[in-house]
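> Below are the structure tokens for one structure; questions will follow.
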Amino acid sequence: MDKLILTAAICGAETTKAQNPAVPYTLAELAAEARRAYDAGAAVIHLHVRWDDGTPTQDATRFGEAAAAIRAACPGVIVQPSTGGAVGMTAEERLASIEFDPAPEMASLDCGTLNFGGDEIFVNTESMIKAFAARMYEKGVLPELEVFDKSMIDTVLRLERKGFIKAPLHFNFALGIAGGISGEMRDFTFMQGSIPAGASFSVTGIGRREFPAVAYAALAGGHARVGLEDNIYLEKGVLAAGNGALCEKAVRIARELGRSIASPSEARDILHI
Ligand code: KMH
Ligand code: ZN
């Protein structure tokens, strides 16, 4: 089995310091949280950025500055900007997160629309998916295919047949978010069984599903994502001290299940970037 690539989603667009004071907003905080995740074994930083007051933004300059600060703090780390941004942002606004130099090696590409609680809808139309993919391929950015449900895998495979999405395919199964597939083991098995041989996958469990998802991934030969974007607790009722603590726990689980952790350069080989 390949080594396990650990991704840290250090910030997100939704979680706040009021929920967990370790959520980073400033560039210095982003770099420090990325470093803690990297020290614990993260090879990839899934990146959202905020203005200093915590407001999410997809501003290209802010992303460039954050990526530079993170790369300086974490030599060799892979920075993966989010093109998901926050609910309500326009497509153009969201795609700005990859428009900085040097270009990122990867970025998230959300592969379908879903309810996001209350009246919120996280909009990812097929035209958006095609346009985002086209810009990523033009810039040499590997899309991490974010799928929140099995139907989104089917969308990816259809768009691959039509030439809009290209192999090698690398999926991220987001399990347990309201509006998407739930996070039971059977859900994971269904998702994993629905991707083609040769595709790689990472697993993200939302909230209390975070660490079970690491175990699913470790056992099945996949990769895993943890971080304050997805979950703020180390265990039931215990707030995580930060992304470092979440990554350390993920690494412990993966190692106990027989998986070694990939360095950033090993992650590049596995992902073909
Ligand atoms: N913040 C969510 C609306 C991604 O990063 O690509 C979207 C999200 C997905 O976080
Ligand atoms: Zn994200």
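The values are calculated or read from the model by the stated rules, or taken from the named source; none is laboratory data. Values in this document were obtained by computation on a predicted structure and should not be read as measured data. With ideal geometry, Cβ positions are generated from the backbone for all residues, glycine too; neighbour counts draw on all protein chains shown. Side chains included, ligands, DNA and RNA excluded: accessible areas come from the protein's heavy atoms. Shrake-Rupley method; radii C 1.70, N 1.55, O 1.52, S 1.80 Å.
> Restricted to region 217-244, and to residues that are assigned to a helix (DSSP H, G or I) and free of Cβ contacts under 8 Å to residues at least 40 places away in the same chain, which residue is least open to solvent (accessible area, probe 1.4 Å)? So that I can check it myself, show each step before the final result.
Of all residues in region 217-244, those assigned to a helix (DSSP H, G or I) come to 217-220, 243-244.
So of that shortlist, the ones also free of Cβ contacts under 8 Å to residues at least 40 places away in the same chain come out as 219-220.
Working: 219: 104, 220: 35 Å².
Taking the candidates together, the pick is 220.
> Need pairs with beta-carbon distance below 6 Å; first residue closer than 19 Å to residue 157 by Cα and within region 97-114, second outside any strand (DSSP E or B) and hydroxyl-bearing (Ser, Thr, Tyr); sequence gap 6+ or separate chains.
Short answer, once both residue conditions are applied: 107/83; 108/82; 108/83; 111/155; 112/155.
> Residue under question is residue 112, and the condition is that it be in a loop (DSSP other than H, G, I, E, B), within 28 Å of residue 178 (Cβ to Cβ), within 15 Å of ligand 1 (Cβ to nearest atom) and in contact with a helix residue (DSSP H, G or I) (Cβ under 6 Å, 6 or more places away or on another chain); does it hold?
In short, yes.
> Among (1) crowded, with 17+ Cβ neighbours inside 10 Å; (2) part of a loop (DSSP other than H, G, I, E, B); (3) within 16 Å of ligand 2 (Cβ to nearest atom), which single condition is residue 179 missing?
(1)
> Filter region 1-48 for residues that are under 15 Å from residue 239 (Cβ atoms) and either at pLDDT below 95 or surrounded by fewer than 18 Cβ atoms within 10 Å (Cβ to Cβ) (or both) and give the result.
16, 17, 18, 19, 20, 21
> Now, a different point. Quick check on residue 44: is it of a type outside the set (Gly, Ala, Ser), touching a Phe, Trp or Tyr at 6+ places or on another chain (Cβ under 9 Å) and within 13 Å of ligand 1 (Cβ to nearest atom)? Explain how you work it out, then say what you get.
On the way: of a type outside the set (Gly, Ala, Ser): yes; touching a Phe, Trp or Tyr at 6+ places or on another chain (Cβ under 9 Å): no; within 13 Å of ligand 1 (Cβ to nearest atom): yes.
Criteria not met by residue 44.
> Among the residues of region 86-109 satisfying the criterion of being part of a helix (DSSP H, G or I) and within 12 Å of ligand 2 (Cβ to nearest atom), which is farthest from residue 124 (Cα to Cα)? Steps first, answer last, please.
Of all residues in region 86-109, those part of a helix (DSSP H, G or I) come to 91-98.
Narrowing the set further to residues that are within 12 Å of ligand 2 (Cβ to nearest atom) leaves 94, 97.
Details: 94: 11, 97: 16 Å.
Among those that are part of a helix (DSSP H, G or I) and within 12 Å of ligand 2 (Cβ to nearest atom), it is 97.
> Here's another thing I want to ask about it. Collect the residues in region 1-26 that are hydrophobic (A, V, I, L, M, F, W, C), under 17 Å from residue 85 (Cα atoms) and touching a helix residue (DSSP H, G or I) at 6+ places or on another chain (Cβ under 6 Å), keeping them in residue-number order.
Initially, region 1-26 is screened for residues hydrophobic (A, V, I, L, M, F, W, C), giving 1, 4-6, 8-11, 13, 18, 22-23.
Retained after the next criterion (residues that are under 17 Å from residue 85 (Cα atoms)): 8-11, 13, 23.
Hits for region 1-26 are 8, 10.
> State all residues of region 1-60 that are farther than 14 Å from residue 242 by Cβ, within 14 Å of ligand 2 (Cβ to nearest atom) and assigned to a loop (DSSP other than H, G, I, E, B); if no residue qualifies, say none.
13, 14, 48, 58
> How many of the residues making up region 25-73 are in contact with a strand residue (DSSP E or B) (Cβ under 9 Å, 6 or more places away or on another chain) and in contact (Cβ under 8 Å) with a residue 60 or more places away in the chain?
The qualifying residues number 11.
Results for (1) among the aliphatic types (A, V, I, L, M); (2) closer than 22 Å to residue 231 by Cα; (3) touching a Phe, Trp or Tyr at 6+ places or on another chain (Cβ under 8 Å); (4) within 12 Å of ligand 1 (Cβ to nearest atom), shown as yes or no for each residue.
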residue: 125; (1), (2), (3), (4): no, no, no, no
residue: 142; (1), (2), (3), (4): yes, no, no, no
residue: 155; (1), (2), (3), (4): no, no, no, no
residue: 161; (1), (2), (3), (4): no, no, no, no
residue: 166; (1), (2), (3), (4): no, no, yes, no
residue: 170; (1), (2), (3), (4): no, no, yes, no
residue: 174; (1), (2), (3), (4): yes, yes, yes, yes
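> Turning to a different aspect of this structure: For residue 210, which of the numbered conditions (1) of a type outside the set (A, V, I, L, M); (2) part of a helix (DSSP H, G or I); (3) surrounded by fewer than 19 Cβ atoms within 10 Å (Cβ to Cβ) fails to hold?
Against the list (1) of a type outside the set (A, V, I, L, M); (2) part of a helix (DSSP H, G or I); (3) surrounded by fewer than 19 Cβ atoms within 10 Å (Cβ to Cβ), residue 210 comes up short only on (3).
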